[in-house]
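Below is one structure, written out as structure tokens; comments come after it.
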Amino acid sequence: MPIRPYWKGTLKLSLVSCPVALFPATTSAEKTHFHQINRKTKHRLRQQMVDEVTGRAVEKENKGRGYEVGKGRYVEIDEDDLDALKIESTKTIDIDSFVPAGQVEDLYRDRPYYLAPQGKVGADAFAVIRDAMKDKDRVALARIVLTNREHVMAIEPYGDVLMGTTLRYPYEVRDAAEVIGKITKPRITKDMVKIAEHILKSKEASFDPSKFKDRYENALRSLVKRKAAGKTIVAKEETAENRSNVLDLMEALRQSVGHNVQKAGRKKPAQPTNRRKPGRKSTRRKAA
């Protein structure tokens, strides 16, 4: 069932423009969510904003925003101040440039949206922009205003529509060296790498998100059902298999190869297809 657009406006490339709508590409609505409750009465709890000095609850009309300029000293920022910062054009996606698809780092990608044409008027222009990017393997970098803030958005072909992903600004991204520090470079042998490559090859597969199973979410739903039915929940004890054992790296690689070979041997062989009995003519074979 189609959902309501999150944003409506115009996609603009130089003098070419078309009306588009923005739809959230992800959702967390299906995840299990909890509410805070009173353990005695089982009633839901409501949060209150409390003045940290007086300890009294603050009424809604007295709530405001403030930026801390010193310890315990705040500058109040009201709605009029924020309105003065609003960008004029809030209904246009302006494409500034096109970059090679491989240059957009995943670290900068934030939130994905679907971009779809609105009505027949802009469908042709939308398709031209989409197919041109697909042929040249390019990603458009554009500017869009969402919730009163301007975002940089990477726009790229995604089937019949476009995928628009808001990008983080450099000040929102941490440098690995600053966060982790200096990493020592260990000495590894070519034999180790070759064995690791063999393990990688034995686990090769195609990317298929339909096979992703959220085991924690499934267990959480099962737990809620069992608790609602009045059953007692007992935590499982850690088995010897789950305890980590420190092994020599080369030995661990060799054991991994043997483990993968055993798993492959336990897989059921493919069932032979049913063959036609000899002597019967097949009209399908003639048609083929």
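Where a number appears in this text, it was derived from the coordinates with a stated rule and is not lab data. The model shown is predicted, which means the values in this text are computed figures rather than measured ones. Cβ coordinates were reconstructed from backbone atoms using ideal geometry, including for glycine residues, and neighbour counts include every protein chain displayed.
Tell me the relative contact order for the stretch 33-107 as a rounded percent, counting alpha carbon contacts under 8 Å between residues six or more apart.
Working: 35 pairs, mean separation 8.7, N = 75.
Rounded, it is 12 percent for the stretch 33-107.
Between their Cα atoms, which of LYS42/LYS227; LYS40/LYS63; LYS31/LYS227; LYS63/LYS91; LYS60/LYS86 are more than 21 Å away from each other? Mind showing how you got there, number by number?
Values: LYS42/LYS227 14 Å; LYS40/LYS63 31 Å; LYS31/LYS227 18 Å; LYS63/LYS91 30 Å; LYS60/LYS86 24 Å.
In this structure, LYS40/LYS63; LYS63/LYS91; LYS60/LYS86 exceed 21 Å between Cα atoms.
What is the distance in Å between the Cα centres of the stretch 142-180 and the stretch 208-238?
The distance from the Cα centre of the stretch 142-180 to that of the stretch 208-238 comes to 35 Å.
According to the Kirkwood expression over distinct Cα-Cα pairs, how big is the hydrodynamic radius of the chain, in Å?
Working: mean 1/r = 0.0370 Å⁻¹.
Roughly 27.0 Å, rounded to one decimal.
Give the Cα extents of the stretch 111-179 along the principal axes, in whole Å, largest first.
49, 30, 15
How high is the FRET efficiency between ILE180 and TYR108 when r is their beta carbon distance and R₀ equals 30 Å, given to the nearest 0.05? Provide the component values of the computation, followed by the final result.
Working: r = 19 Å, r/R0 = 0.62.
Efficiency at R0 = 30 Å is approximately 0.95.
Give the relative contact order (percent, whole number) for the stretch 114-254; include only Cα pairs under 8 Å separated by 6+ residues. Let's see the in-between values first.
Details: 80 pairs, mean separation 20.4, N = 141.
After rounding, I find 14 percent.
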